[in-house]
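The values are calculated or read from the model by the stated rules, or taken from the named source; none is laboratory data. Model, not experiment: these values are computed from the prediction. Here the Cβ positions follow ideal geometry from the backbone for every residue, glycine too, while neighbour counts run over all protein chains shown. Areas reflect the complete protein model, heavy atoms only, side chains present, ligands, DNA and RNA absent. Shrake-Rupley method; radii C 1.70, N 1.55, O 1.52, S 1.80 Å.
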Amino acid sequence: MEETDFAAHLTAVMTGSALTMLIGVGHRTGLFAAAAGGPATSAGLAARAGLEERYVREWLGAMVTGGIFTYDDGEYAFPPSHAKFLLGETASNLMPSLLTLSAFTGILPELERAFAEGGGVPRSAYGPHLEALGAKTGDSWKHIYREHLVDGFFGAVPGLTERLAAGVRVLDLGCGTGNAIAVAAEAFPASRFTGVDINPGVVGQARENTAHLPNAEFAVGDAAELAGEFDVITAFDAVHDQDRPDVVLRRIRGALAPDGLFFMVDTNFSADVARNVGHPLAALCYSISLMYCTTTSLAEGGAALGAMWGTEKARELLADAGFRHVEVLGSPRPQNCVYACRP
Ligand SMILES: C[S@@+](CC[C@H](N)C(=O)[O-])C[C@H]1O[C@@H](n2cnc3c(N)ncnc32)[C@H](O)[C@@H]1O
């Protein structure tokens with residue numbers, strides 16, 4: 001890259017991070033929701049949102065020049081084609097991810113200390129920062145499951161939806177707040193779903209989210225101590241974060257029925273950084289991996305695979321765990337793939 005191009009590139013980087021912060025401000029002050037009501041002057045929008053006009057006007061200036069709002073004849077507009085990416089209960093809404101990213105700034109002092117001293121930032125350190133900035137990490141996935149779980153993710157594996165419809169025993173490992181089971185248990189009433197997560201807080205929320213579903217149950221447990229027998233074991237975005245992924249994968253293999261399927265959704269990148277150059281989501285995913293996945297694992301003395309462990313490393317660990325047949329399939333999200341793993 002030429003020097004002048006690189007300076008322009010860095011300026012765009014800076015602008016992106018400034019806008020990410022102000023997008024969070026717009027969310028927490030209710031400005032986006034108010035602006036969805038239609039074009040308004042800064043005074044009109046401030047009155048609608050119950051805010052101070054001077055602050056709203058400066059924020060609007062950033063939103064217009066940042067390409068998020070439009071401006072015409074004294075009025076600011078939030079086009080519906082933009083609003084769907086920042087408001088609403090859909091998988092298109094990127095607000096949960098934007099808020100989560102901002103919240104990571106709160107742990108940077110601890111992360112920098114770990115660069116120098118080793119160790120990492122424990123998962124418990126993130127809660128207060130996420131809450132303070134209004135971020136709920138499960139929210140993005142909740143909408144993704146509603147829109148894509150059955151046809152997009154399960155549909156990627158031939159015959160899987162038919163088995164689920166017929167009735168099988170399913171375990172979801174690292175189930176979080178139960179968003180995947182909430183969709184799957186409703187779509188496949190003949191199957192029985194068990195969610196396991198090491199975090200008692202999310203298991204409590206999972207039980208609340210699925211209280212109306214008689215075929216869903218949850219337990220607090222460590223995947224590294226998994227027991228029992230299941231026809232299908234799923235893990236959504238939950239394996240690369242494991243402190244002991246090799247042990248967990250062996251346990252999964254041991255808990256599968258002879259004709260069972262391990263259905264793993266994880267990130268779709270290469271283990272080789274050179275092969276990720278030019279991928280539009282790679283820098284973002286390396287950054288998230290550093291600021292969450294890698295450091296939380298190191299805090300526990302874990303393997304710290306990170307989110308960018310890559311399909312090569314995943315295949316290696318799956319083979320070591322005893323999965324002789326592994327297919328890597330596409331998914332509805334470019335940053336994720338589906339591993340269909342059989343003994
Ligand atoms: C990135 S979240 C994904 C949550 C959920 N699958 C979803 O898609 O919303 C990873 C989850 O794995 C859980 N987890 C991490 N280590 C675990 C372990 N050893 N045993 C069980 N759950 C674990 C975490 O508590 C967290 O809820």
Worksheet item: Given the chain, what percent of its DSSP beta bridges are antiparallel, to the nearest 5?
Response: 45 percent
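Would you work out what percent of the accessible area of segment 137-225, with all protein chains in place, is carbon or sulfur (probe 1.4 Å)? Each step should come with its number before you reach the end.
Details: 2010 of 3860 Å².
About 52 percent, which is the carbon plus sulfur part of the accessible surface.
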Discussion item. Need one word for segment 36-171: rounded, prolate or oblate. Basis is the Cα gyration tensor (sqrt eigenvalues a ≥ b ≥ c); a/c below 1.5 gives rounded, then a/b vs b/c decides.
Written reply: oblate
Worksheet item: Can you give the angle from 0 to 90° between the axis of helix 53-65 and the longest principal axis of the chain, with both taken from C-alpha atoms, to the nearest 10?
Response: 70 degrees
Worksheet, complete the sentence: Filtered hits (aspartates and glutamates, Cα-Cα < 17 Å from Lys84, offset >= 8 within chain) -> Asp139, Glu147
Practice prompt. For segment 3-87, give the percent of accessible area contributed by carbon and sulfur heavy atoms, probe 1.4 Å, rounded to a whole number.
Written response: 62 percent
Worksheet item: How many Å² of accessible area per residue for the chain, probe 1.4 Å?
Response: 48 Å²
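May I ask for the net charge around Asn336, where only other residues with Cβ less than 9 Å from the Cβ of Asn336 are counted and Lys, Arg are +1 while Asp, Glu are -1? Intermediate results must be reported in sequence, preceding the final value.
Working: positive: Arg333; negative: Asp237, Asp266.
It works out to a net charge of -1.
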Worksheet item: What are the extents of the Cα atoms of the chain along their three principal axes, listed from largest to smallest and rounded to whole Å?
Response: 68, 48, 33
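Determine, for each peptide in 49-61, 181-193, the mean count of other beta carbons within 10 angstrom over its residues, then list the peptides with the highest first. Please report the intermediate quantities before stating the final value.
Numbers: 49-61: 15.9, 181-193: 20.0.
By packing density, highest mean first, the sequence is 181-193, 49-61.
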Response to the item:
Magnitude of the Cβ-charge dipole (Lys and Arg +1, Asp and Glu -1) of segment 3-87 about the Cα centre, nearest 20 debye, reported as 380 debye
Worksheet item: D for segment 243-343, whole µm²/s, Stokes-Einstein with Kirkwood Rh over alpha-carbon pairs at 25 °C and 0.890 mPa s: what number?
Response: 172 µm²/s
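Any idea what diffusion coefficient segment 138-342 gets from Stokes-Einstein, in µm²/s, Kirkwood Rh on alpha carbon pairs, 25 °C, 0.890 mPa s?
The diffusion coefficient I find is 144 µm²/s.
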Worksheet item: What value does segment 1-81 have for Rg/Rh, both radii from Cα atoms and Rh as Kirkwood defines it?
Response: 1.07
Worksheet item: Please state the equivalent ellipsoid semi-axes for segment 146-252: what are the square roots of 5 times the Cα gyration tensor eigenvalues, largest first, in whole Å?
Response: 21, 17, 13
Worksheet item: Looking at the P(r) of segment 197-293, how many percent of alpha-carbon pairs lie beyond 21 Å?
Response: 48 percent
